[in-house]
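The values are calculated or read from the model by the stated rules, or taken from the named source; none is laboratory data. What you see is a predicted model; the values in this text were computed from it and never measured. All Cβ positions, even for glycine, are placed from backbone atoms using ideal geometry, and neighbour counts span all protein chains on display. Ligands, DNA and RNA are excluded from the accessible area calculation, which covers all protein heavy atoms including side chains. Shrake-Rupley method; radii C 1.70, N 1.55, O 1.52, S 1.80 Å.
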Amino acid sequence: MFDIQKEITTPVKFWGKLLFVDGIGALVAVTYSLDLSQRAYQPFRIPSVIFLLAMYLFWVFPSKGNKGKRHYHRLVYVLFRNRQTYLSEPYISYEQEEMYDESIETEEELELYDVSEVP
């Protein structure tokens with residue numbers, strides 16, 4: 001009668017719209033940004049940490065233009081999308097086209113298709 005799912009799951013929320021996985025990613029991002037800032041030029045250490053964390057937050061926050069997705073979903077889509085074009089008609093290669101053109105070779109066969117001599 002009704003199609004009821006056996007299990008309904010929702011992702012674990014960390015804070016607001018951020019998920020638990022995003023919190024773990026934030027820890028990794030903080031660790032990475034602090035490690036990278038140690039290699040930066042002394043006056044740029046704090047701005048580098050702020051910039052890297054801001055970039056992480058941008059990719060993790062939900063997208064306004066694509067509801068239900070995050071910014072990194074769009075990046076993954078662009079990088080891994082199917083780039084093959086759809087052809088509604090079967091593809092005929094140049095060699096096959098030449099084969100079709102050479103199929104009518106004799107004058108008698110060409111006369112069969114000639115419509116200029118209508119009685």
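Here are a few things to note about the model shown:
- Residues of region 32-76 that are open to solvent by 50 Å² or more (accessible area, probe 1.4 Å) and charged (D, E, K, R): ASP35, ARG39, ARG45, LYS64, LYS67, LYS69, ARG74.
- Close contacts from region 64-83, counting a first residue that is more than 16 Å from LEU19 (Cβ to Cβ) and a second that is among the polar types (S, T, N, Q), with Cβ to Cβ under 8 Å and a gap of 6+ residues or different chains, come to ARG74/SER63; ARG74/ASN66.
- Within the set VAL12, VAL28, the sole residue that is among the aliphatic types (A, V, I, L, M), touching a strand residue (DSSP E or B) at 6+ places or on another chain (Cβ under 7 Å) and free of Cβ contacts under 8 Å to residues at least 12 places away in the same chain turns out to be VAL12.
- Just so you know, in region 1-49 the residues that are among the acidic types (Asp, Glu) and at pLDDT below 75 include one that is nearest to ARG70 (Cα to Cα), and it is GLU7.
- Test for SER93: is it more than 26 Å from the chain's Cα centre (by Cα) and at pLDDT below 85: yes
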